[in-house]
Structures are given as structure tokens and as C-alpha cells.
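J.: The following block contains the structure, expressed as C-alpha cells.
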Amino acid sequence: MASTFKGLYYTDEENDLIDTLRTNIADIKDQYKHAIAMTALIRACIKKRPRGIFTYTGHRYNDGRKDLKKTLAQQFLEAVEAVNKAVFDNGQINYSKQGDAMDLIVEQADLVYIDPPYYSPLSDNEYVRRYHFVEGLARDWKGVKIQQHTKTKKFKSYPTPFATLKGAAEAFDHLFRKFADSILIVSYSSNSLPTQDEMVAIMAKYKQHVEVIPIDYRYSFGNQSDAKTNRNSVQEYLFVGY
């Protein structure tokens, strides 16, 4: 942090703290305690970052909210407590996997929740560009290549079919077909493509019942002129197929 990301997202003191925490967390042998500590560090970094994204450098979006006034150390300690409180025993064996959803193999899932990058010709919703820093932090930047020539020091994006309209439509069709025996829930946005009707049509190929649940939503960031318009207002959709 102190060298690679100096002056980009956090102060020198905060970068030193992140490096110290990363070093100490790496020495935690218990896999569950290690996971809790890393989750807390990632959560702290997101909450301490204006807008919670890493598409820009500096702190020009600092609006003085409470989370940004707290120190990174405070955020970490509070996150440790919050994550600990979220841990419970459901009496089952649970797994978490990281990989390409298109290639994921599961015997049977009762419910499949899909929250993909939203394709839109008017905006860039690509996840790596927005969250590369915490993604890299989570995997200690192993298996990724930082693009040193970029201002944000992001790493090379993963290949994704959701980068184009045709690719997104085909990807949804593939996922719905792949998990046709499971309840399907897709989180989506009204300003994305495929359209609502097109999404319903794709899901209806594999599900007898398709329900659309609209949720009014307003983005909480944007410049002052944008905030005075309706451009930050969208509807979130939940497509439910069963």
C-alpha cells in the first residue's frame, strides 16, 4: 500500500495501517478468524472511501458523512465486531467459491441469486474498474496484473459477457438454462439492457412463473447539478422465476 498506492486512495498513515493489518492477518492460522479479519479490513476500506469505489483518486467526493470522519482503525474495529455478530451455526456444511458463474458446477441449488454487472451503453458498470482495490486486497493481488500505466493502478479486467448487449442476453439465457431447476432471482436496474420485457421473455423460457418486483431507488452520489435532476433516480427490479 505504502508504495504501490501512495497518494491514491488513503493517507500515508492509513496505507501503513493497511500494510500492518495485512501482515498480521496473514499470520492468523485459524481459517475462520483469518476470514473474519480480512472481511473486516475490506469493509473498513470501503466505508472509509468516498462513494466506496476506486474509479478515481483523491478525496473529491468527501461529503463529510460519519463514516468518512471515523479513522480507518475505528472502521476496522467496528467491522470486526459487526462481522463477528453475523456469524452463526446453521448446522450445515457451507462453502464459498470464487470463480466464473458460467462454469460453476453445483449438484442442486434451492435458490440462485444473480447480481451481474448492468450493461448500459450510457455508463460503465464494470465491476473490476469500480472495486479493483478491494478485490486485489482480498486475494493479495495474486493472479492479477496491475496496470501500472493507469492512474488508479487497477488490474486487468476479467473477461465478461456482460460487457455487450448481445453478450449479456446470451449470458442470462445460459445462466437461466443452467439453473433451470432452481428458484431464480435476478437483481437488475431499469436503465440496463436487456430491457425488462426482454429479461422476462428470457426467463420465461425456463420458468413457468416470472414475477417482476420494482423497487424505487435513488443513487446517493453525483455532482450537485445531477442531484437536482431525476437522472439519479432509477428503479431496481427483482426478477423472480419459479
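J.: Condition first: in contact with a helix residue (DSSP H, G or I) (Cβ under 8 Å, 6 or more places away or on another chain) and charged (D, E, K, R). Now tell me which residues in region 79-126 satisfy that.
T.: Scanning region 79-126 gives a single hit, Glu126.
J.: Looking only at region 14-22, decide whether some residue is polar (S, T, N, Q), within 24 Å of Arg130 (Cβ to Cβ) and modelled with pLDDT of 95 or more.
T.: The answer is yes, given that some residue of region 14-22 is polar (S, T, N, Q), within 24 Å of Arg130 (Cβ to Cβ) and modelled with pLDDT of 95 or more.
J.: Something else now. For the list (1) under 16 Å from the mean Cα position of the chain (by Cα); (2) in contact (Cβ under 8 Å) with a residue 40 or more places away in the chain; (3) over 20 Å from Arg51 (Cα atoms), I need the number of the one condition that Ala168 fails.
T.: It fails just one condition, (1).
J.: How many residues are closer than 19 Å to His174 by Cβ and acidic (Asp, Glu) if we restrict to region 105-130?
T.: The qualifying residues number 2.
J.: If a residue must be surrounded by 14 or more Cβ atoms within 10 Å (Cβ to Cβ) and of a type in the set (Lys, Arg), how many such residues does region 43-76 contain?
T.: 6
J.: Still on this model: I need the full set of residues from region 106-129 which are exposed (fewer than 13 other Cβ atoms within 10 Å of the Cβ) and aliphatic (A, V, I, L, M), in order please.
T.: Val106, Leu111, Leu122
J.: Then there is this: So Ala40 clears everything in (1) under 13 Å from Val134 (Cβ atoms); (2) buried (at least 18 other Cβ atoms within 10 Å of the Cβ); (3) touching a residue at least 60 places away in the same chain (Cβ under 8 Å) except one condition, right? Which one?
T.: Condition not satisfied by Ala40: (3).
J.: I would also like to ask the following. Sort out for me the helices (runs of 4 or more DSSP H) sitting completely within region 130-232 that have 1 or more residues that are at pLDDT 95 or above, surrounded by fewer than 17 Cβ atoms within 10 Å (Cβ to Cβ) and not assigned by TED's automatic domain parsing to the domain that holds Asp63.
T.: Where helices (runs of 4 or more DSSP H) fall fully within region 130-232 and carry at least 1 residues being at pLDDT 95 or above, surrounded by fewer than 17 Cβ atoms within 10 Å (Cβ to Cβ) and not assigned by TED's automatic domain parsing to the domain that holds Asp63, they are 165-178, 196-204.
The values are calculated or read from the model by the stated rules, or taken from the named source; none is laboratory data. Being a predicted model, the structure only gives us computed values, none of them experimental. Using ideal geometry, Cβ is built from the backbone for each residue, glycine included, and neighbour counts are taken over all protein chains shown.
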